[in-house]
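One structure below.
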C-alpha cells in the first residue's frame, strides 16, 4: 500500500486516525499496540506472507537487545531487573556475540531477499563471458523482494547497535519496540529513523492542534508534490529512457525529468510520512533540505535523504574508521561507504557505479580541501557543477542495465553511433505544454521557493487554503492518472 492511492486516502487513513484517536485517553501501550496492528495491515496488504519476515526481524533484535542489556541469556530470570543504558567501554564476550548475531542475521536476511537473484545472474554472466556456459546455474528459483525490507531492517538494526554502544536503553516491552519498527508512516520508505530519536516519544507524546494542522499541511503538500509534479516528470523520463535512440536535447530533457521525478517523488513521500507522524503525535526528523541547491557533493549528502546519509555515516563510515585512520584510509572509507550505499539501493551494477561516482566525488572534494580551486568558483557555478555531477550519476540510477546507461550518456553528449529516423517523433511527445510546464514548475520549486519543512513552520489561513486546494487538485488528478509509480517503494 502506498500513500498516493485511493485505498489509503479514502479507507485506510480515516479508519487509522479514528481508531487511534479513540484510544487517546487509554494507556500509551494501547495506542502503540493499535499502531502495530495498523502497521502490519498496511505492510501486509500486498503480500501478507511478508509480515512474518518483519515480525522475525523485530523479535530477534528485541530479544538480543535484552541479552546485551542484562549481559545474560537468562532473560526471564532477570526480567524485573532495572534497565539502564550501558556505560561506555568494553563489552563482555556474550554482549559481543549478541550484537554479532543481530548484525549477521539482519544482513543475511536482507542479502538473501535483495541480492540472491543478482548474485545468480552475475555469476551466470561471468561464466558465460569466460566461455564456460556449461557452468551456469540454471534455476527456476527466484526470490521476490519484500517491500521496504531495506528500510525496516536498517531501523531495527540501529536499535541493537545503539543499545550495544550505550546510546539507547533496551526496551523490556516488546509492544513499544514493535511499534517503532512497524509504524506505517515510515515503514516502507523512510525516513530511516534511529531508535534513540523516537525512544522517548514511544513512551510519552502529546497530540496538539498545532501538530495536527502542520501534519495535515505536510501530508497535503507531499501528495501534491508526488501527483502533480513527480508523476508528469516521471512520464518525461520514461519516454526517453525507454526509447531506442535519442537526440541530444531529448536525452537532457529526459534526464531533467528524472531528476525532478526522483526528488519530488521521494521528498513528497517523506513529507507525507512526516505529516502522518505529526498527526499521530510523533515528530520525525527532516529528510530533505534543498539538495539541488548544494554547492558540492559533500553538501548534497547533507541535504539529500538525510536519514540515510546519517545512518551510513554513524553505522558504516565511522565503524570503518572514518577519518581517524589516516588520509588514504579516509578516502577508502568514503568510497566504500558510498559503494555499499549504492548497492543498498538495488541489486544491480548500475547502483554500484552510482555509489562509486558519489564516493569518488566525496573523496576528491576532501582531498582538494575547502580552499581548493573548486571553492574559487562563484556560488552559481558551484551549484551548477554539483547539479551536473548529480544528474549524470542519476543516469546509472535510472537505466535498466549498464549498457543502457552508457548508451544514454552517449546520446547526451552526442556520441551515439547513429540516431534512428523515428527518434524525431519523440520530440513531439516530449515538448508538449503539459510536460514543459511541469518541468518549469519543478525547477521553480527546487530553486525558487521554501520547501515544505520551512513553509509549514508557521501556518496561516491563506497557507491552509493553498495546501487544501493543491490537495484537492491532486486527488482529482489521481483519479485520472494511470501513471502513478513510486520509485523508493521497490527498495
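Observations, loosely collected:
- The single condition among (1) surrounded by 17 or more Cβ atoms within 10 Å (Cβ to Cβ); (2) closer than 18 Å to residue 152 by Cβ; (3) modelled with pLDDT under 90 that residue 58 does not satisfy is (3).
- Residue tally, condition out of contact with any helix residue (DSSP H, G or I) (no Cβ under 8 Å at 6 or more places or on another chain) and farther than 23 Å from residue 239 by Cα, over segment 436-452: 2
Every residue, every condition in (1) in contact with a helix residue (DSSP H, G or I) (Cβ under 8 Å, 6 or more places away or on another chain); (2) outside the structural domain of residue 447 (by TED's automatic domain parsing); (3) more than 30 Å from residue 402 (Cβ to Cβ); (4) part of a helix (DSSP H, G or I), yes or no:
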site: 287; (1), (2), (3), (4): yes, no, no, no
site: 301; (1), (2), (3), (4): yes, no, no, yes
site: 321; (1), (2), (3), (4): yes, no, yes, no
site: 325; (1), (2), (3), (4): yes, no, yes, no
site: 336; (1), (2), (3), (4): yes, no, no, yes
site: 339; (1), (2), (3), (4): yes, no, no, yes
site: 342; (1), (2), (3), (4): yes, no, no, yes
site: 367; (1), (2), (3), (4): yes, no, no, yes
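- Counting the residues of segment 69-94 that are assigned to a helix (DSSP H, G or I) and closer than 18 Å to residue 176 by Cα gives 1.
- Of the residues making up segment 14-54, those that are free of Cβ contacts under 8 Å to residues at least 24 places away in the same chain and under 26 Å from the mean Cα position of the chain (by Cα) are 14, 34, 37, 44, 48, 49, 51, 52.
- Only one of 164, 159, 152, 123 that is part of a helix (DSSP H, G or I), surrounded by fewer than 17 Cβ atoms within 10 Å (Cβ to Cβ) and in contact (Cβ under 8 Å) with a residue 12 or more places away in the chain: 123
- Inter-residue pairs, beta-carbon under 7 Å, first without any contact (Cβ under 8 Å) to a residue 12 or more places away in the chain and in the same structural domain as residue 217 (by TED's automatic domain parsing) and in segment 243-271, second outside any loop (DSSP other than H, G, I, E, B) and crowded, with 22+ Cβ neighbours inside 10 Å, 6+ apart: none
The values are calculated or read from the model by the stated rules, or taken from the named source; none is laboratory data. A quick note: this is a predicted structure, and the numbers were derived from the prediction, not measured. Cβ: placed from backbone, ideal geometry, glycine included. Neighbour counts: every protein chain shown.
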